[in-house]
Ligand code: HAM
């Protein structure tokens, strides 16, 4: 049987990898402009990290984690998201002692055992940031501004930023009680999933796609209707800060998010081109998570963008894939002695940083020149019997179709200029 990539996972082949590199480079550059530093955490963590942070009743923990026991019978999970991992690293390395505000970004694969469909993968990639150490509403606005800046610079047009607040722990509790109260009489009309949600985490009824449930939940009060004065003030300040940056948002009082750790601000960026899975990215505040995971009580806020969905929402051609120029030189040889010479020539050129290639399939000279053309080499070096005798090389300009006779030393000088150009373009 043929072995194929697992359903919901994707190979990123060379023709796509250029675009990915360009996206990653742009995102990293913007994160640095906003003062965020890179962090890389393991893909594998103790399963308990996610159960405790994302929440037992969340879909991710209930049915989407790749969890298994290792030889020592420890329960491990492939990370389904980055926030919990960054927080674990923050606590483990006592980063609060290094700086009062720690601003981190990360890029990498996440794993969720969801039913694969358009825009929903089992291995997908996040560009995420976490700003840990401040409850300042301006920081919420900064984080949102960075998410928006990244997608705009990547050529995503027509996205929608939905903003809400979940309030503090007390507000959430109060809100949940109100929801249960309101839904009590209508329980029979809800789907089985929502009836379960009513018991485990009633906020999640807003995520249901069932039209009957939607009909019922759309009339429920929003989270913002039951905020304490501090949370109300925080939310108003976040909105003002966003307005001062001219960032358009729509208030989404039923936006609750599927992860349990959020407090106060939460947001989602969606795009109409993406169908059912329309969220490009999302984030929010999680002021209690660090404390809950055993660290110092530290407020924090962050977001993650799904790279595959960003690509799907991008206007084609807006981002130039990383330059995929051909090699500076293709060395075409005739016979074993010339091949030996050519092989050494390549080593010398590469030591000078000049990109070069040669044939390893014993092709005819004609076929080698065709290959040089196919690879879009700028120059071809030809070494035949005559050149071996004279200790020379024919250097052919592949574009102008002109050629000169030269020596190895001269060749390096000629080509340094060409490789200089290639490096500058990259
Ligand atoms: P999330 O909403 O679960 O948030 O994921 C963020 C983004 O990842 C989504 O908006 C979507 O673009 C993408 N995504 C999620 N699941 C899939 C999937 N199965 N296939 C393709 N793309 C997917 C978080 O993960 C939080 N950690 C965000 C955060 C950071 N909050 C605070 N800091």
>> Cβ-Cβ distance below 8 Å, separation of 6 or more or different chains: which pairs start in the range 294-308 with a residue that is under 20 Å from residue 106 (Cα atoms) and end on one that is modelled with pLDDT under 95 and within 12 Å of the ligand (Cβ to nearest atom)?
In response: 308/119
>> Kindly evaluate residue 1 against the criterion of being farther than 29 Å from residue 144 by Cα, away from the ligand (no atom under 16 Å from the Cβ) and in contact with a helix residue (DSSP H, G or I) (Cβ under 7 Å, 6 or more places away or on another chain).
In response: no
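Scan the range 219-232 and give yes if some residue there is closer than 22 Å to residue 147 by Cβ and within 29 Å of the chain's Cα centre (by Cα), otherwise no.
There is no residue in the range 219-232 that is closer than 22 Å to residue 147 by Cβ and within 29 Å of the chain's Cα centre (by Cα).
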>> Can you report the number of residues in the range 11-46 which are over 13 Å from the mean Cα position of the chain (by Cα), part of a helix (DSSP H, G or I) and crowded, with 17+ Cβ neighbours inside 10 Å?
In response: 1
>> From the list 346, 365, 411, exactly one residue is modelled with pLDDT of 95 or more and closer than 20 Å to residue 325 by Cβ. Which is it?
In response: 346
> How many residues does the range 350-378 contain that are within 16 Å of residue 396 (Cα to Cα) and not in a loop (DSSP other than H, G, I, E, B)?
Replying inline: 13
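For the range 199-212, enumerate the residues that are touching a helix residue (DSSP H, G or I) at 6+ places or on another chain (Cβ under 6 Å) and free of Cβ contacts under 8 Å to residues at least 24 places away in the same chain.
If the condition is that a residue be touching a helix residue (DSSP H, G or I) at 6+ places or on another chain (Cβ under 6 Å) and free of Cβ contacts under 8 Å to residues at least 24 places away in the same chain, then 208 is the only one that fits.
Sort out which residues of the range 112-125 are part of a strand (DSSP E or B) and within 7 Å of the ligand (Cβ to nearest atom), and write them in order of number. Can you show your working first?
Step one: filter the range 112-125 for residues part of a strand (DSSP E or B), giving 117, 120, 123-125.
Residues satisfying the conditions are 120, 124.
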> Which number in (1) within 13 Å of residue 304 (Cα to Cα); (2) more than 15 Å from the ligand (Cβ to nearest atom) marks the one condition that residue 83 misses?
Replying inline: (2)
> Condition test on residue 128, is it modelled with pLDDT under 95, within 12 Å of the ligand (Cβ to nearest atom) and within 18 Å of residue 281 (Cβ to Cβ)?
Replying inline: no
> In the range 279-293, which residues are in contact (Cβ under 8 Å) with a residue 40 or more places away in the chain and within 16 Å of the chain's Cα centre (by Cα)?
Replying inline: 280, 281, 283
>> Tally up the residues in the range 189-216 that are crowded, with 17+ Cβ neighbours inside 10 Å and assigned to a helix (DSSP H, G or I), please.
In response: 11
> So which strands (runs of 3 or more DSSP E) stay within the range 276-334 end to end and still have 3 or more residues that are under 30 Å from residue 353 (Cβ atoms) and either modelled with pLDDT of 95 or more or more than 12 Å from the ligand (Cβ to nearest atom) (or both)?
Replying inline: 329-333
> Among the numbered criteria (1) more than 16 Å from the ligand (Cβ to nearest atom); (2) under 30 Å from the mean Cα position of the chain (by Cα); (3) more than 22 Å from residue 260 (Cα to Cα), which single criterion is violated by residue 187?
Replying inline: (2)
> So residue 109 clears everything in (1) within 11 Å of the ligand (Cβ to nearest atom); (2) closer than 25 Å to residue 203 by Cα; (3) surrounded by fewer than 19 Cβ atoms within 10 Å (Cβ to Cβ) except one condition, right? Which one?
Replying inline: (2)
>> Filter the range 140-152 down to the residues that are touching a helix residue (DSSP H, G or I) at 6+ places or on another chain (Cβ under 9 Å) and either at pLDDT below 95 or under 15 Å from residue 103 (Cα atoms) (or both) and list them by number.
In response: 140, 141, 142, 144, 145, 146
> Looking at the range 238-273, which of its residues are part of a helix (DSSP H, G or I), within 16 Å of the ligand (Cβ to nearest atom) and surrounded by 19 or more Cβ atoms within 10 Å (Cβ to Cβ)?
Replying inline: 238
>> If a residue must be more than 19 Å from residue 416 (Cα to Cα) and in contact with a helix residue (DSSP H, G or I) (Cβ under 8 Å, 6 or more places away or on another chain), how many such residues does the range 333-349 contain?
In response: 6
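The values are calculated or read from the model by the stated rules, or taken from the named source; none is laboratory data. This structure is a prediction, so every number in the text was calculated from the model and none was measured. With ideal geometry, Cβ positions are generated from the backbone for all residues, glycine too; neighbour counts draw on all protein chains shown.
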